[in-house]
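Notes follow the structure.
The values are calculated or read from the model by the stated rules, or taken from the named source; none is laboratory data. Note that the coordinates shown come from a computational prediction; the quantities given were computed from them, not determined experimentally. Don't worry about glycine lacking a Cβ; one is built from the backbone with ideal geometry, like all the others, and counts go over all protein chains shown. Ligands, DNA and RNA are stripped out before the accessible areas are found, and what is left, the full protein with its side chains, is counted by its heavy atoms. Shrake-Rupley method; radii C 1.70, N 1.55, O 1.52, S 1.80 Å.
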Amino acid sequence: MRRLKFLFLGCGFLASHLIPHVLPFSEHLILVDRERVERENYENSILPKGYVNRRKVTALASLVQVLSSTKVTLIHTNVRKVEQLLEMHEKMKPEFCFVTFDNFEGRAIAREYALKVGVPTIFVGVTEGHAYVDWAENVVLPEGDEVKRVREEMRRVRDVCSRIEFRGLGFLASSLAFHSFTSWFWGRKRLSFMVRVGEGGGVEVCTIPRNDLS
């Protein structure tokens, strides 16, 4: 089986649930994030103990080393412009990308990068009561006056998503992202998903109809 070089843009709780899934397909992981581990991150992330105040990329690399012998490259940086990712791509040549950035600007830059270089890219996101998995070419980002509202909402959701009750939703979103990846990997369709959690706790998972872009 061919093994790939994966790029993870964002190393928070979604990436921590997703990485163990993709390790059997991995030759090399490139981890990109600007943040450090906070105590609250242990409520919904899969991380080795003792990494509070240390870089998230370092904590996830340690998790990988416990689970496998996969090579890991750590890039602790704040992605502010697409040129940073284009330069990194030229050096590292990732073959597949997962985007879990929790800020609007980072997602916009990641989408521009993915479309410019043509690397297959899955976006994964969680909000209060919802989650989604979609491919870069399908992702629609807000424009104009909507940007401010969405930025404020993402800031609020980021705080909410540090709670322990989001661990299950994050695991589900990451599992669906892995399912979408494996469908692509084995030459089938590029699957997209929406997840909704009802007031009573019931979960509805919908496959979004897309053209077959395999």
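Overview of results
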| item | result |
| --- | --- |
| Index of the failed condition, G202 passing every other in (1) more than 30 Å from V37 (Cβ to Cβ); (2) open to solvent by 70 Å² or more (accessible area, probe 1.4 Å); (3) at pLDDT below 85 | (2) |
| Hey, G106 modelled with pLDDT under 95, surrounded by 16 or more Cβ atoms within 10 Å (Cβ to Cβ) and not charged (D, E, K, R) or not | yes |
| Selection count where residues are within 18 Å of F193 (Cα to Cα) and in contact with a strand residue (DSSP E or B) (Cβ under 9 Å, 6 or more places away or on another chain), scope the stretch 112-129 | 9 |
| Qualifying residue in the stretch 148-167 (condition: modelled with pLDDT of 90 or more, charged (D, E, K, R) and surrounded by 14 or more Cβ atoms within 10 Å (Cβ to Cβ)) | no |
| Where a residue in the stretch 58-77 is assigned to a loop (DSSP other than H, G, I, E, B) and its partner, wherever it lies, is β-branched (V, I, T) and open to solvent by less than 40 Å² (accessible area, probe 1.4 Å), with Cβ under 8 Å and at least six apart | T70/V64; T77/V32 |
| Filtered residues of the stretch 120-139 (kept if out of contact with any helix residue (DSSP H, G or I) (no Cβ under 7 Å at 6 or more places or on another chain) and open to solvent by less than 60 Å² (accessible area, probe 1.4 Å)) | G125, G129, D134, W135, N138 |
| Identity of the residue in the stretch 1-55, among the acidic types (D, E) and in contact (Cβ under 8 Å) with a residue 40 or more places away in the chain, that ends up least open to solvent (accessible area, probe 1.4 Å) | D33 |
